[in-house]
Amino acid sequence: MTTGTAAPSPKGELSIRTLAMPADTNPSGDIFGGWLMSQMDMAAYLAGRLRARGRVVTVAVDKTELLLPVFVGDELSCYTEIAHVGRSSMAVRVEAWVRRRDGGDQVKVTEGNFTLVAVGEDRRPRPLPPDQG
């Protein structure tokens, strides 16, 4: 008997997919939270760069929740969506999902909000171009 509710699925667009490797672990064999945050930051950067049509930098990360561990051999996928756009900055929501090495459905392991600023060649903030969406 089904309950009529669908399994949760990622929100946003796939921005990055990678594999958790042994080199990404701490001495206890668990994947470092910092490695996971780095992957999420790269995903936010890729989404932000497309929206800004140029260089962006991360200036803040907040509301990050590490929901479940990531293990060696897990396939990590980061999904992004632009949550807010200001004059030169934007908020990018990132969800990290894994497919365990034994297969099966993806599960959400982490989510967070990244604030990025568009910068020019002089590394100073520049206005974001109009959305072409």
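Go through (1) among the charged types (D, E, K, R); (2) surrounded by fewer than 15 Cβ atoms within 10 Å (Cβ to Cβ); (3) touching a residue at least 24 places away in the same chain (Cβ under 8 Å); (4) touching a strand residue (DSSP E or B) at 6+ places or on another chain (Cβ under 6 Å) one by one and return the number of the condition Arg49 breaks.
So Arg49 meets the others, but not (3).
Are any residues in segment 60-99 hydroxyl-bearing (Ser, Thr, Tyr) and at pLDDT 95 or above, and if so, which ones?
Ser77, Tyr79, Thr80, Ser88, Ser89
Which residues, counting only those in segment 68-87, are of a type in the set (Gly, Ala, Ser) and not in a loop (DSSP other than H, G, I, E, B)? Spell out the reasoning first.
Keep residues of segment 68-87 that are of a type in the set (Gly, Ala, Ser), which gives 73, 77, 83, 86.
Selection gives Ser77, Ala83.
Restricting attention to segment 76-133, report how many residues are in contact (Cβ under 8 Å) with a residue 60 or more places away in the chain, among the hydrophobic types (A, V, I, L, M, F, W, C) and either surrounded by fewer than 19 Cβ atoms within 10 Å (Cβ to Cβ) or farther than 21 Å from Gly34 by Cα (or both).
4
Given the condition among the acidic types (Asp, Glu), assigned to a strand (DSSP E or B), more than 30 Å from Pro129 (Cβ to Cβ) and touching a residue at least 40 places away in the same chain (Cβ under 8 Å), answer yes or no: does some residue in segment 52-67 qualify?
Scanning segment 52-67, I find at least one residue that is among the acidic types (Asp, Glu), assigned to a strand (DSSP E or B), more than 30 Å from Pro129 (Cβ to Cβ) and touching a residue at least 40 places away in the same chain (Cβ under 8 Å), so the answer is yes.
The values are calculated or read from the model by the stated rules, or taken from the named source; none is laboratory data. Here the structure is a predicted model, which is why all the values come from computation and not from measurement. FYI the Cβ positions are ideal-geometry reconstructions off the backbone, even for glycines, and counts take in every protein chain you see.
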